[in-house]
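A quick write-up on the structure given underneath.
Values in this text are rule-based calculations from the coordinates and carry no lab data. Since this is a predicted model, take the numbers as computed values, not measurements. Using ideal geometry, Cβ is built from the backbone for each residue, glycine included, and neighbour counts are taken over all protein chains shown.
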Amino acid sequence: MNQSKQRGAALILTMILLAVLSVMTVSMMFLSQSETWSTANYRLMSQARDAAEAGVNKTAHFILYSYNPPQTPAQVALFDRTVYPVTSGNAPVVLSADPDVAPNYPIVADQTAFDTAGTGAKGTLTAGTQPMTYESTARMLTMNMVTNSVLGDKPALRWELTSGGKITGIQGAEVEISAIIDQPMSPLFGYAVFATYDSSNCSTAALDFGSGATTGSYDSSAVVPGVPPVILQTDGDVGTNGTLGTSGGNTTIYGSLSTPRTGVGTNKVCDSSDNPLAWQQSSGTVTEGVIKLPQALDYPTPPAPVPLPPTGNLNLNNNCGSLSPLSCNYVNPNFTLQPTCAASGIPPAASPTCPVGSTNLYPDITVNAGKKIHLGPGTYNFNSLKLGAGAELVVDGGPIVINIAGTGLQQSAPALDLGSGIVTNVSLNSSNLTFMYAGKNEVKLSGGAATASVVYAPNADIKFSGGGTFYGSIVGRTVTVTSSNLAINYDNKLKKKFYFPGQYMMQAFTWKKF
């Protein structure tokens with residue numbers, strides 16, 4: 001009897017144990033399935049997030065490199081910049097490659113390019129066998145016009161970029177990411193010297209300082225004419241998208257070097273992997289070290305002179321030659337040239353362009369030895385300009401803009417050659433004399449006792465000859481400063497002049513929807 005009861009109890013316990021094991025098995029199965037689904041969902045969400053990030057990157061790339069901001073007054077007038085966000089036709093300005101978001105951009109070509117698969121802001125990616133798509137929008141938040149007498153007025157923009165990454169199928173996923181990018185206003189002449197070349201050929205240092213050349217700084221607003229300015233052994237900063245080369249024991253950059261490159265080498269431009277170095281140091285000193293730029297600086301090409309000057313050689317020697325008496329007056333040894341145009345204002349403000357039909361246009365001018373050309377406030381359009389040995393360019397007031405066209409020049413001919421002459425700007429206010437050149441022919445400069453100007457030739461190779469001092473700032477493709485003991489002193493006043501829209505910077509990055 002007792003054995004029978006024990007067998008019955010054992011059977012019941014066995015059945016209970018089997019039931020418990022069955023429940024545990026089912027639970028483990030569901031747990032395993034949940035883990036599998038959770039892992040799969042996480043993978044899908046991660047892939048969708050990757051697609052959305054790719055969309056934001058693609059959209060930012062489009063804005064940086066393919067987008068054409070409004071340039072003309074008529075184009076700018078299509079946007080209401082007085083409200084936030086910017087509107088057009090009383091609706092927010094939106095570039096859209098997302099079918100769920102209606103575009104509203106008044107310049108059709110930009111919207112069409114933005115909504116093009118592959119090159120625009122939408123596309124398809126593949127993760128294994130699973131296709132992923134991204135569709136993006138760009139909403140213009142602000143448009144601030146940057147007034148610049150060198151490059152003209154330019155818009156500085158702020159955008160909200162939004163991209164949705166999607167995976168469709170039995171198991172789908174969607175992630176939305178948003179980023180804010182904007183353009184800070186930057187001084188066009190923020191360095192004593194800046195070279196735009198990236199030194200990618202591994203043989204050319206974009207900046208080449210030698211033979212005891214130095215940089216420093218001064219304040220032109222404190223200059224007393226006829227009295228040498230106070231030179232500071234600081235703020236003589238230089239920059240380049242490539243490599244700085246220094247040689248000569250006394251060669252000194254009294255300031256910093258800014259470049260997106262890294263590393264220092266001796267007698268070499270690139271490292272063993274052919275990556276350009278920041279500094280090729282044979283000898284010489286950079287007193288405030290190297291500052292790494294987050295990206296290369298993009299200096300815009302200046303506009304071509306308007307109207308274009310004629311071509312053809314004209315020597316200014318003992319008369320004005322073919323120039324009109326309204327353009328040129330000669331009283332030995334002085335030539336006085338009239339501006340191509342003088343904008344309204346007292347004194348007349350220099351302008352990068354002149355009204356169509358403006359006269360006083362200058363061909364390929366050579367100022368012969370011992371002669372002087374006097375310029376007053378306004379804009380002067382030359383095809384090319386050369387100062388002969390001892391010839392002098394005299395600034396009789398400012399601001400002055402000299403536009404160089406360089407049309408039809410032989411490859412070896414300098415577009416601007418001041419190397420054998422003298423520039424006299426007794427105020428040492430470098431912003432009173434601006435040289436602008438968009439082309440690739442060489443530019444030759446020299447120093448002097450009162451040589452003060454700003455030179456903007458981002459596509460040209462610039463070389464100095466002779467010693468002395470240059471006051472102001474220079475932007476060129478490459479800049480060679482190997483004249484004996486030449487000093488380039490940066491005008492600190494330029495930090496508050498000639499602003500232009502700088503490089504886009506990312507200000508925020510947010511995952512908006514999962």
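Taking label positions 7 Å along the Cα-Cβ direction at both Val108 and Val264, the computed distance is 5.9 nm, reported to one decimal. Under the criterion of Cα pairs below 8 Å and six or more residues apart, the relative contact order for segment 44-198 equals 27 percent. For segment 360-368, backbone phi angles converted through the Karplus equation (6.51, -1.76, 1.60; θ = phi - 60°) give residue-by-residue couplings of 6, 9, 10, x, 7, 8, 10, 8, 5 Hz, Gly and Pro being listed as x. So what does the Cα-only Debye profile of segment 119-273 read at q = 0.10 Å⁻¹, as log10 I(q)/I(0), no solvent term? For segment 119-273, the Cα-only Debye profile gives -0.68.
DSSP assigns beta bridges within the chain; of those with both partners inside it, close to 40 percent run antiparallel.
Counted by neighbouring Cβ atoms within 10 Å, the residues Val101, Val356, Val238 run from fewest to most as Val356, Val101, Val238. Using C-alpha pairs under 8 Å with a sequence gap of at least 6, the mean separation divided by the residue count of segment 193-500 gives a relative contact order of 18 percent. Suppose we keep just the DSSP beta bridges with both residues in segment 193-500; what percent of those would be antiparallel, to 5? Antiparallel: roughly 10 percent of the beta bridges in segment 193-500. Estimated from helices alone, the mean residue ellipticity of the chain at 222 nm is -5000 deg cm²/dmol (sum of -39500 (n - 2.57) over DSSP H runs with n ≥ 4, per residue). Less than 5 angstrom separates the built amide H of Ser186 from those of Phe500, Gly502, all sequence-distant by 5 or more or on a different chain. Farthest towards the positive end of the charge dipole of segment 50-134, among the residues Pro70, Met132, Ala109, is the Cα of Pro70, using unit charges on the Cβ of Lys, Arg, Asp and Glu. Please give the FRET efficiency for Ala296 paired with Thr116, using the beta carbon to beta carbon distance and R0 = 22 Å, rounded to the nearest 0.05. For R0 = 22 Å, the calculated efficiency reads 0.25. Ordering Gly164, Gly472, Ser256 by Cα displacement along the dipole of the chain toward the positive end leaves Gly164 in first place; charges were set at the Cβ atoms of Lys, Arg (+1) and Asp, Glu (-1).
In this Cβ point-charge picture (+1 for Lys and Arg, -1 for Asp and Glu), the chain has a dipole of about 580 debye about its Cα centre.
Averaging the sequence gap over all C-alpha pairs within less than 8 Å and six or more residues apart, then dividing by the number of residues, gives segment 264-334 a relative contact order of 16 percent.
Taking the fewest neighbouring Cβ atoms within 10 Å as the starting point, the ordered list for Thr336, Thr287, Thr214, Thr82 is Thr82, Thr287, Thr336, Thr214. Among Phe382, Phe470, a tally of other beta-carbon atoms within 10 Å of each Cβ gives an order, fewest to most, of Phe382, Phe470.
Between Gln130 and Leu326, the FRET efficiency from the beta-carbon distance, with R0 = 60 Å, is close to 0.20.
Annotation: amide H of Gly448 within the under-5 Å range of Thr469, Phe470, sequence separation 5 or more or interchain, hydrogens built in the peptide plane. Pairwise Cα distances in the chain exceed 37 Å in 45 percent of cases.
Legend: distances between Cα atoms for Lys154/Lys497; Lys440/Lys463; Lys386/Lys493; Lys386/Lys440; Lys154/Lys444; Lys154/Lys493; pairs beyond 19 Å are Lys386/Lys493; Lys154/Lys444; Lys154/Lys493. Principal-axis analysis of the Cα atoms of the chain puts helix 2-65 at an angle of about 20° to the longest axis. Whole-Hz Karplus values for segment 275-288 come out as 9, x, 8, 6, 9, 9, 10, 6, 6, x, 9, 10, 5, 10 Hz, taken residue by residue from phi with 6.51 cos²θ - 1.76 cosθ + 1.60 and θ = phi - 60°; glycine and proline positions read x. Label zone of Leu308 (point 7 Å out along Cα→Cβ, amide N under 12 Å): in segment 385-407 this covers 405-407. Shape summary: segment 193-500 maps onto an equivalent ellipsoid whose semi-axes, from the alpha-carbon gyration tensor, are 33, 20, 18 Å in decreasing order.
For segment 168-298, the share of DSSP beta bridges that are antiparallel, to the nearest 5, is 10%. With K and R counted +1 and D and E -1, the other residues having a Cβ less than 12 Å from that of Phe382 yield a net charge of -1.
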